[in-house]
Structures are given as structure tokens and as C-alpha cells.
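> Can you read through this structure? Questions will come right after.
The values are calculated or read from the model by the stated rules, or taken from the named source; none is laboratory data. Nothing here was measured: the structure is a model prediction, and the numbers come from that model. Don't worry about glycine lacking a Cβ; one is built from the backbone with ideal geometry, like all the others, and counts go over all protein chains shown. Only protein heavy atoms, including side chains, enter the accessible area calculation; ligands, DNA and RNA are left aside. Shrake-Rupley method; radii C 1.70, N 1.55, O 1.52, S 1.80 Å.
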Amino acid sequence: MLPITSFLSCTEPIDRFECFSTRQKHHAKTYVTGLVAASNKTVQGISNIVLPAKSERALNKFLTEYDWDEDHLNKERLALLQQADDTRWSSEGVVDDDDTFTHKTGKKIPHAGKYYDHGIHSYIWGQNIVYALYADEKTTYPLGFRLYKKNDKRRVELAIELVDELIEIGVRADTYLFDMFYSSEEFVTHLEGYGKEWVSAVKSDTRVSYGGDRIRVDALSQRIDTVPRTVNGDIYQIWTQKRDVGRLGEVKLLITEKESSDEDEEPSVKYIVSNKIDAPASHLIELYAMRWRVETFFRDTKQDLGFGDCELRHAAGASRHWHLLMLAYSLLKFGAAHSALGTILGHASSLRNDVKRSFRESVQNLLSWALTSPDRSIDELMDQIDGMFV
């Protein structure tokens, strides 16, 4: 089990949320605590660890039957994050759009289907979820999501819905990042309608205007002469010009290959496009590199917060699970911003590092208590230790 002394205090902001009744606040605290602390992050696993077993039914009803508004919760969660300097969004930050999969086995899981997972180069049975995340030099956290449903809206349409939602909420980031799947005329036109800048990758077979012809961008990369540039200590071979690319119109095209000292490593050529026409190539590379933040979020939430562990066959219940997961993740970030180790935690690269550092702080406090209280009994010391764990 994970130590959660620091996290228990992080749940206190839930008491101020208006989307929950008094009883619902108790269940929300229980669930997000279980997502952090329980090794089995199903409703049963959480209730067995955090609550008496008889409370499993109440926790299940909280997810599937109780009347509370997920959108209201999301707005209150994001408003909470604006109360700390380390988690407050700014125009210098970025919004990263991407999607991920939950791997499932049950055929009755809501909106599960067969998908090709490029991460493992194989088909899986699971759910596909489109996410929007905020990121800057200090923090990363989720902004919202949409569950993809086959034979319903396309993923690009879901991403557009998320953009509209973020504009309504007031997310201040001026730049949006996304991969080649969302690099379409439809999506960039929508972003530009809000005056947003964007940086994306395109596929190797994307057509580019060059020398009076329309050729594939990977063919273009064979004709050009690149120049070396150092970006954050790494050397890149770079070529960049304003070009007519695909159906995106005239954009800045950047062809870049990162140099590696490993002779066995395959060359990594990327074709990056942006409407930031005047931006230096180094700036576009740094921005696109921030897309790694979304991969870190997916990894952390899958490994440590039970992203794919929900076994409910109730569509609304599954959606509430993901909303509460976003709340758990955000409370860890918000708690870190108010911690004595806030500066370190705010720059930590993974959620697991946050929890480890919080535990280290708890141990330091325990040792300090023991050293300054030499007359305390063994029983009192054990009570202090018990308080560090669920």
C-alpha cells in the first residue's frame, strides 16, 4: 500500500466543492483516497481498504446513482488549481490533445471495442478516450476528456468539443499541441477561429509544395540540406521554410532529425508544422517536446491511479471514475504546491516521485517528533506510524 499522510490533507478542498452534498463529499474523499492508496483500485478494492466492506454498496451508488454534476466537479477542480502559483495556468502554457486506451477483457464494458494500439503494435479490446491536458514549465494536469464511441462522433469532433469547453472555462494557454492524427484542416481551422497558435506533426506521406510540384514530405527530406542546431543540449539536423502543406495551407514546416551517439538507434525524423510562422525552429522543437507530458500523465495514471481499473458496466459510472481520477491527480499536484517540498514536487517528472517525496517528508516529520519527544512511549510511537498508512 502507498503512504498517504500528505494526501489525506490534500482531500480537504473537497469540503468546499458545491457539486457534492455532505454525504457525497465523504464518498468523494473515500474514492480519491482509494485511487491513490489502494493496490486494487476497483470499487470493491477501495471499499475494503478505505472503508468497512459493508460500505461497498454505498460507494457503488455514489458512482452510478447519486445526483451530482460531473461538469460542475470539473470546473471546481480547475478553479481550485488556479489558487496556487505552481498550478495556475497562463498564456505561456500549452494545451496538449491526445487519446489513449484502457485495456479490457469484458465484452459488456461500456463502449469498449477493438482498436489498434500503436504503442504495442497490436490490436486490443478496450476503451478509447480523448484527453486535453494543460502543461507549462511548472506543472501538468488534465483539463477534460471525451470517451470515443464507435459509430458516433469522430475523435477530431471530440477534440473540437474539448476546445470549445476549454474556451468557455477560460483556459488561458495560447498554444495547442497535438499529433498527426489530429493534424487536419478541420481542427486547425477551429483553433485559429479562437486566435490560437498550434504545433503538430504530420505523416510522412503528407504532400508539400516544392519546386512547382506536390511531393511527399519524406521525399522532400531527401532533397534538402539540413543545418545542425543545439536545442537544450541535444543536436538536431534542421531544415525549415514556409510551405503549403497538405490541406493546412501555408504553414511553417520543420524537418528535424535528432542526432544520437547510439549507432544502433534508428534515426528519428519528425515533420513538424505550425501556424507560428515567425517562431524560431528551436522554439518549435521545445514546444513539441512538451507533448511528452501527456505520455507521462497516461503512464502515471495507469500505473498509480487505476486509470483502467474501473470494472463498472455503467457508462455514467465509468465517466465518474475518470472524473474522480482527474480530481485525485489534481489534488496531488495542488497539495504538492502547498507542501514544504512544493518547489521540488512542482517540478517532479512523475506522480510516483510526488508520492515518494511526500512519504519522505512524513518520515522526516516522524523522526523529528521522536527526537524531540524522548519520553514518549512505544505505543504512542506506533500510533504515529499507523497514521502514515491506510
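> For a quick size check, give me the Cα extents of region 92-229 along its three principal axes, largest first, whole Å.
54, 38, 29
> Counting only protein chains, not ligands or nucleic acids, how are Tyr134, Tyr236, Tyr210 ordered by accessible area (probe 1.4 Å), most first? All intermediate terms of the calculation are to be shown ahead of the outcome.
On the way: Tyr134 0, Tyr236 35, Tyr210 60 Å².
From most exposed to least exposed: Tyr210, Tyr236, Tyr134.
> If R0 is 45 Å, what FRET efficiency do you get for Ala289 and Ser377 from their C-beta distance, rounded to 0.05?
Here the calculated transfer efficiency is 0.25.
> May I pose another question? Please compute one quarter of the surface area of the Cα convex hull for region 161-217 and express it in square nanometres. It would help to have the intermediate numbers written out before the result.
Working: hull surface 18.3 nm².
About 4.6 nm², averaged over all directions.
> What nm value, rounded to one decimal, do you get for the distance between Thr226 and Asp213 when each label is placed 7 Å out toward the C-beta?
A separation of 2.1 nm, rounded to one decimal place.
> Can I ask one more? Past 27 Å, Cα to Cα: identify those pairs from Lys149/Lys258; Lys29/Lys333; Lys114/Lys258; Lys108/Lys302; Lys149/Lys203; Lys25/Lys75, in the order given.
Lys149/Lys258; Lys114/Lys258, as the Cα separations exceed 27 Å there.
> Now for a separate question. Where in region 52-129 are there GluC sites (Glu not before Pro) that are in a DSSP coil and have at most 11 other Cβ atoms within 10 angstrom of their Cβ?
Those satisfying the criteria are Glu65, Glu92.
> Using only alpha carbon positions, build the gyration tensor of region 177-312, then give the equivalent ellipsoid semi-axes as the square roots of 5 times its eigenvalues, largest first, whole angstrom.
28, 21, 14
> Using a/c under 1.5 as the rounded threshold, could you call region 45-105 rounded, prolate or oblate? The axes a ≥ b ≥ c are square roots of the C-alpha gyration tensor eigenvalues, and prolate needs a/b larger than b/c, oblate otherwise.
Prolate, because a/c is 1.5 or more and a/b exceeds b/c.
> Let me ask something else. Under a point spin-label approximation (7 Å from Cα along Cα-to-Cβ), what is the Glu70-Asp205 distance to one decimal in nm?
Label at Glu70, label at Asp205, 3.5 nm between them.
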